[in-house]
Amino acid sequence: MGTRYGQLVAILVCLVLLASVSSAQELYPKMEEPVATLVVEGEAKCLILPADPKAQRPAEELAAYIEKISGVKPPVAADDAAAAGFRIQVGGATDMAAWATLPDDGYIIKSSRDGLLLTGKTELGIFYAVDTFLEKYLGVRWFMPGDVGEDVPKQSTIKIGKIEEAGRPVFRMRWIGRGDWARRNKMNVSVKCDGEFKIKWFVHTFTHILPPETYYAKHPEYYALIGGKRVNKRDKKDQIQICTSNPDVVKEMAANIIKIKKDDSSLNMVSLDPMDNQRFCECERCTALDEEGTETNNSMTRRLLLFYNAVSSIVGKTYPDLFMKSIAYHKYVAPPLDKSMRVNDNCVIQFCRFTCHNHALDDPTCPYNSKFNEYIKGWCRIAKNVCLYEYYYKASWVHLPWPIVHMLRKDIPYFHRMKLFGLSTQYKYNFGSNGLGYYVAAKLTWDPTLDVDALLDDFYTRFYHDAAGPMRQYHETLEQAAIDSGVHIARQRPYAEIAKLFTPELLAKLDGFVSQAEKAAADEKGKARIGMVRIALDYAKLCSEYTRALDRVRHEKETPWLTAETQNKAEAIGAPYIERLRAILTQGRKTGATGGPNGNYVKLFLSPMNVVRNWDRPDIGFGEPNKMLQKKDWLAKEGRKVEPKPMPEKFAVWFYGYDFDSDTEKSEHGVWMVKRSGERVKIGALAPVGDPGNVINKAYAIRGLSAADFLGDKATVILTNPTGEWTASTVYAVYIMPDEPGLSSADATKRVEVSLNDIRSSAMGFAEYTNNGLTNRDGEEATIEIDLVK
């Protein structure tokens with residue numbers, strides 16, 4: 001009985017395996033009955049004939065890969081009517097109807113018994129014909145850059161069937177990766193060949209086009225007015241904005257772009273983008289252009305759109321076919337409120353989608369993407385040309401595995417339906433963590449109708465060879481875990497999400513699949529590919545341990561913020577992990593599995609104090625408000641009753657926070673309040689001169705204030721941070737307290753940290769932020785409204 005049962009189980013297992021193999025979908029249909037033979041048993045039966053100079057490199061590539069497949073390299077030569085063999089013409093025109101409307105990066109493949117034509121109108125188009133033929137009809141794959149990503153079938157005889165195919169892109173701009181890998185997967189930016197879509201600079205270019213080292217001495221008025229002063233030319237260039245309302249700036253920027261195009265006639269696009277900071281001009285002319293009633297995400301949109309249109313109108317008179325690409329990002333990511341505004345047709349708005357990548361952009365269940373989806377639809381209503389800047393690698397995710405295939409298969413067809421101009425993405429050589437996402441994204445960017453299931457079947461089989469089964473389980477389990485988790489990835493500080501997604505249970509499963517794959521792998525290339533995934537997985541396991549250890553430290557003290565003791569303990573607990581994490585990333589960088597340990601986001605992640613301080617920080621880019629606890633909410637939460645108290649004649653404003661700077665002459669922040677009359681007046685400074693709180697938690701009291709002047713149903717406190725000095729401080733709490741003569745900052749600090757509930761009880765009102773606090777950065781202003789409890 002036992003033997004028969006065992007035999008039955010074995011048979012059933014075999015049937016299941018056979019069913020899974022037979023159900024694997026073909027990525028490309030099989031060729032028809034052969035019409036020609038290129039190679040027979042190691043002997044070339046064909047000639048490769050480049051039709052013109054721009055076909056020479058594609059012809060050489062075709063010959064090289066036929067040699068890799070069969071072991072024999074066909075001759076590449078000028079046409080010779082007397083030469084024997086099947087003729088493969090690379091390049092040259094054709095009488096096919098598709099030729100007349102073929103774009104520069106389109107291609108044509110046509111075969112018959114008389115010959116094979118692989119052609120396009122540019123070198124890039126010809127390369128596409130060659131690479132498509134190699135991939136689709138001869139079975140070559142380029143899963144990732146370099147030899148490790150290439151999969152070439154071995155066969156001594158090569159035959160082809162009848163082919164008649166014309167390919168054309170659906171997106172004008174396609175930018176995922178760079179170099180040969182990108183070109184072979186039909187990207188057209190940064191692929192180093194004639195016919196590519198050529199862009200001058202990538203992003204954040206205002207000071208490239210109008211360099212302060214050239215203009216500032218004679219024209220300081222060309223640059224932003226901040227705090228009543230023109231920005232200093234000695235500032236870092238990425239910290240300088242220009243005065244976009246100045247008509248002379250418009251003319252000079254346009255003239256410089258015209259010169260750039262004149263110097264390089266092959267350019268298709270010039271980036272016309274603000275620098276990566278929020279220090280925009282405060283002059284009356286610029287601020288008068290801003291719309292009233294905006295939110296943060298479109299507070300700068302109108303002024304910048306007017307500037308883009310003004311510059312592009314001038315440039316378009318000389319070069320009507322040159323595009324100016326301008327980003328929609330941060331304070332200008334949302335379209336203007338004025339629905340009558342339009343974007344010039346020679347402008348391309350590059351929408352930066354820096355929100356959630358675990359959900360599709362049009363997923364109504366994702367609040368972050370829903371909002372950004374409305375933004376991009378709004379831009380599409382007022383602009384003919386909108387492209388997308390994506391994050392198929394996001395630096396803030398610190399090189400961890402990035403399971404986004406489930407999102408890509410929905411998003412890129414959606415972008416096609418929206419008729420976007422193009423798509424680009426952040427990119428890094430981190431293929432153990434991001435490789436599958438790059439590959440799927442590239443394939444869908446050329447053909448959004450591609451069968452993703454068939455693409456994945458092909459990938460698992462051809463990339464992992466004998467280990468296809470367990471590696472499929474690895475990828476699919478990781479994808480499903482991301483879907484099931486519901487996390488929104490990735491914030492600028494995604495530490496809570498890292499711990500939530502990479503649970504010990506998930507990592508144990510993934511480790512089991514990779515271990516099975518390592519045992520199953522029979523060839524060196526397959527082992528190397530699995531080795532890249534192993535490095536990424538080991539890094540994820542250590543990151544999970546590290547973040548969970550720090551999370552436990554966070555919960556040891558029951559305060560709404562982190563004490564110095566907690567932060568010091570976090571440093572001690574986290575220290576043993578740091579060098580191990582660096583070592584894995586260093587190894588990952590060498591093998592291409594992950595990025596290295598030196599990026600800014602990685603450095604932040606490798607600071608235990610930073611991780612615990614920013615564990616679940618609301619992300620302004622995601623549109624998340626700061627979390628605040630007011631006194632009335634605390635009373636309700638604690639079940640306490642309000643004890644009526646007479647309003648004192650004098651009161652004090654207590655601040656408790658991190659890194660309030662000062663020196664012997666000046667303070668980092670100005671502190672203001674709004675009187676009951678509506679007048680805004682300055683009441684003090686943080687930190688007081690001579691009493692700094694640099695890089696520590698500290699409390700300060702601004703005393704002797706008139707309750708009759710300032711206190712009604714609420715108190716409004718404003719914190720300013722003038723530009724050009726210290727960079728930022730974090731406010732943890734503001735308390736409206738009875739005045740106490742002689743109170744020192746040391747006494748106030750001790751009482752907040754030791755007797756917090758006594759402070760809460762004594763306060764007439766307060767606003768407490770979570771351990772993340774309210775950050776007040778250079779050049780920003782924070783308004784804190786505190787409800788008073790009487």
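The values are calculated or read from the model by the stated rules, or taken from the named source; none is laboratory data. Worth saying up front: this structure is predicted, and the values here are computed from it rather than measured. Every residue, glycine as well, gets a Cβ built from its backbone with ideal geometry; the counts of neighbours run over all protein chains shown. In case anyone asks, the SASA skips ligands and DNA or RNA and just uses the protein heavy atoms, side chains included. Shrake-Rupley method; radii C 1.70, N 1.55, O 1.52, S 1.80 Å.
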Inset, instruction - Go through the stretch 228-290 and name the GluC sites (Glu not before Pro) that are in a DSSP coil and have 15 or fewer other Cβ atoms within 10 Å of their Cβ. - result: none
Legend entry - Gain in span if fully extended, K371 to A83, counting 0.36 nm per residue against the direct Cα distance: 97.2 nm
Legend entry - Cα coordinate range in the chain, projected on the principal axes (Å, largest first): 107, 86, 41
Legend entry - Exposed chymotrypsin sites (Phe, Trp or Tyr not before Pro) absent - longest run of the chain, DSSP non-H/G/I/E/B, at most 16 other C-beta within 10 Å: 203-790
Inset, instruction - Using only alpha carbon pairs under 8 Å that are at least six residues apart, calculate the relative contact order of the stretch 392-471 and give it in whole percent. - result: 34
Inset, instruction - Can you tell me the relative contact order of the chain? Whole percent, Cα pairs under 8 Å, sequence separation 6 or more. - result: 8
Inset, instruction - Go from 0 up to the bin containing the longest alpha carbon distance in the stretch 362-438, width 5 Å each, and give me the % of pairs per bin. - result: 3, 14, 22, 24, 19, 12, 5, 1, 0
Inset, instruction - Report the calculated FRET efficiency for E164 and A522 (r = Cβ-Cβ distance, R0 = 60 Å), to the nearest 0.05. - result: 0.95
Legend entry - Extension gain from K666 to F202, taking 0.36 nm per residue of separation minus the Cα-Cα distance: 163.1 nm
Legend entry - Solvent exposure of the stretch 323-430 as accessible area per residue, Å², 1.4 Å probe: 31
Inset, instruction - For the chain, give the share of DSSP beta bridges that are antiparallel, in percent and rounded to the nearest 5; count only bridges with both residues there. - result: 70
Legend entry - Calculated SAXS-style log₁₀ I(q)/I(0) at q = 0.13, 0.18 Å⁻¹ - the stretch 266-364, Debye, Cα scatterers: -0.52, -0.92
Inset, instruction - Could you order D290, D321 so the one with the most accessible surface comes first? Probe is 1.4 Å. - result: D321, D290
Inset, instruction - Could you compute the FRET efficiency for D691 and T318, with r as their C-beta to C-beta distance and R0 at 56 Å, rounded to 0.05? - result: 0.40
Legend entry - Qualifying trypsin sites (Lys or Arg not before Pro) for the stretch 285-352 [loop in DSSP, other Cβ within 10 Å: at most 15]: K339, R342
Legend entry - MRE, 222 nm, helices only [DSSP H, n ≥ 4, -39500 (n - 2.57), over the chain, to nearest 500]: -12000 deg cm²/dmol
Inset, instruction - Taking the convex hull of the Cα atoms, report for the stretch 624-663 its projected area averaged over all directions, in nm². - result: 5.7
Inset, instruction - Multiply the residue gap between S706 and D747 by 0.36 nm, knock off their C-alpha separation, and tell me the result in nm, one decimal place. - result: 12.5 nm
Inset, instruction - At a 1.4 Å probe radius, which order do M300, M324, M609 fall into by accessible area, largest first? - result: M609, M300, M324
Inset, instruction - Please give the FRET efficiency for E781 paired with T37, using the beta carbon to beta carbon distance and R0 = 60 Å, rounded to the nearest 0.05. - result: 0.20
Legend entry - Accessible area, probe 1.4 Å, largest first, for residues D616, D147, D105: D147, D616, D105
Legend entry - Dipole magnitude of the chain, debye to nearest 20 (Cβ charges: Lys/Arg +1, Asp/Glu -1, about Cα centre): 300
Legend entry - Hypothetical label at K557: residues of the stretch 716-748 whose amide nitrogen lies under 20 Å (7 Å Cα-Cβ projection): 729-735, 745-748
Legend entry - Residues of type lysines that K790 reaches as a straight line, Cα spacing below 29 Å, ignoring anything fewer than 8 places off in the same chain: K627, K631, K632, K637, K641, K645, K650, K675, K682, K698, K714, K750
Legend entry - Surrounding net charge for N256, when Lys and Arg each add one and Asp and Glu each subtract one, Cβ distance under 12 Å: +3
